[in-house]
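Participant: Please find one structure pasted underneath; my questions will follow.
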Amino acid sequence: MFGIAMQRALMATSGPFRALCLLLVVAFLLGGGSRADISSLIALRPMAVLALGYGLSGLKLSHIKAHRFVCGMALAILALPALYLAPLPPALWGSLPGRDLVTAIDQAAGLGHVWRPMSLAPDATLNALEALLLPLAALVLGIQLEVPERQRLVAVMLVLGGISAGLGLAQVHNGANHSLYFYKVTNDGKAVGLFANRNHQAFLLAALLPILAVWVNSNSENVSNSDRHRASFSMLIGLLAGLASLPLILITGSRAGLLLAAAALVLLPMFFRQWTVRSPVTDSRSARDFRVRAKSALPYAIGLFSLSLVALTVWLGRAAAWQRLFASAPGEDMRFLIIPTMWTMIRTYFPFGAGMGSFEQVYKVHEPDSLLAPAYMNHAHNDWLELILTGGMPALALLLLAIIAFFLRARRLYALRHEANAEWRLAMLGLIELLLAALASFGDYPLRVPSLSCFFVVAVLWACCPLPRNRPDVRAS
């Protein structure tokens, strides 16, 4: 049914919408890993450049004016790694915090005065800059979409999430069969889906729960008496898909995914609180009965989710995420063990930072002997701290600005909660997805994955969806 919805979504749509859908499909098929040496990036990034060029060719000043803040943030984020690649004179470079070791090496090697970029790992910073091209292309295409086309992206994301979920189920069924895994460095034998990391698969599955709620609502609004069965069927499909998501999260073995799913379930009622079903006056009684059944479905849905969780914990011991949640204390997890070192590194390089994308190289300099292990730390597994470490005060300022914008938008949506409609729910969906991404970033790095960075852009497009009271006229002439 989601496939039919996606097919309808592509019919009678604009060029930017179809281009964005194609970009999302390519991103999920080729961009499920965060490493810089993934071979699929050879095809993915040129396609991002082509999509960006196509988007810029149709971009109008009205689109930019309607999304001033988002466009400004995008340019600032793009400029940040570019700033760290600008070469600096030796005297200025040597005065930056944390550059003493490199300066001493230059003197010992007799290299003399060398102009260097601000970043301590220029190649990694260049990769970080190139990685921004894909979400930038998605944003340039996305701000050209009308509200109905943004609503159709709900079906698109459900289809992509369903494909990843189905692949994850096949991976668990077939064991460590590498023909079903897209990446060499991955969680063998786990349900990673279209990703290299099970945490990223679990994040996507948890993020699908609010999307399903909005999809069910959109198929149940303005329902006449003759369409009640279609709306009931949509509700049933959404409920079954949601029930299937939780077991799939459990078998990924991702503890973070399990916690994110719990957070998503807590946030679901806000989509149904304002749910009203309108019908002609002649069908008022039947519509009222349907409305009552619709509103009463949510407690049963939550109850079924809880029962499925209990059942899966005892089903052949396959609830890996539940088992791992209680298997070890938080203090034994490397994510927590490196936090003191992270704070030391932040103080060392603040306020200018070590350079975007440079964590892996810089951490090797500061890694304590007590934390040495056969596996290396490719990221801090806390993107909030890593962003401050690598981007310094400029990155922190952008982060605080984004947080303020989030709360201002949330306050406006809260003020309009009694006038909730499809656009309100879409904007609320975007905020919830951004919140889930922010929570996931405390223990992982989901937004460094190309496909999830595009999903993040889609969430931004939903969150800034024009509301009835402030909808600008941005239709292309």
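Please treat every number below as a calculation from the coordinates, not as lab data. Keep in mind that what you see is a predicted model, and the values were worked out from it rather than measured. With ideal geometry, Cβ positions are generated from the backbone for all residues, glycine too; neighbour counts draw on all protein chains shown.
Participant: In region 44-108, how does Rg compare with the Kirkwood Rh, expressed as the Rg/Rh ratio over alpha carbon atoms? Kindly include the intermediate steps, with their values, before the conclusion.
Facilitator: Values: Rg = 19.1 Å, Rh = 15.5 Å.
Ratio value, two decimals: 1.23.
Participant: Using label points projected 7 Å from each Cα along Cα→Cβ, tell me how many nm separate residue 337 and residue 62, to one decimal.
Facilitator: Calculated label separation equals 5.8 nm.
Participant: Can you sort 255, 45, 347, 425 by how many other beta carbons sit within 10 Å, fewest first?
Facilitator: On the way: 255 22, 45 19, 347 11, 425 26.
Lowest count first: 347, 45, 255, 425.
Participant: Let me ask another. So how do 67, 379, 113 line up by other beta-carbon neighbours within 10 Å, fewest first?
Facilitator: In increasing order of surrounding Cβ atoms, one gets 113, 379, 67.
Participant: So, one more: State whether region 370-477 is rounded, prolate or oblate according to the following rule on the C-alpha gyration tensor (a ≥ b ≥ c being the square roots of its eigenvalues): a/c under 1.5 gives rounded; otherwise a/b larger than b/c gives prolate, and the remaining case gives oblate.
Facilitator: prolate
Participant: Assuming 1.567 mPa s and 4 °C, estimate D for region 84-196 with Stokes-Einstein, Rh taken as the Kirkwood radius over Cα pairs, in µm²/s.
Facilitator: Diffusion coefficient, whole number: 69 µm²/s.
Participant: Same structure again: If you average the alpha carbon positions of region 33-89 and of region 357-411, how far apart do those two centres end up, in angstrom?
Facilitator: Rounded to whole Å, the Cα centres lie 20 Å apart.
Participant: Right, something else. Remind me, what semi-axes does region 96-145 give for its equivalent ellipsoid, largest first in whole Å, using sqrt of 5 times each Cα gyration tensor eigenvalue?
Facilitator: So the equivalent ellipsoid measures 38, 9, 8 Å along its semi-axes.
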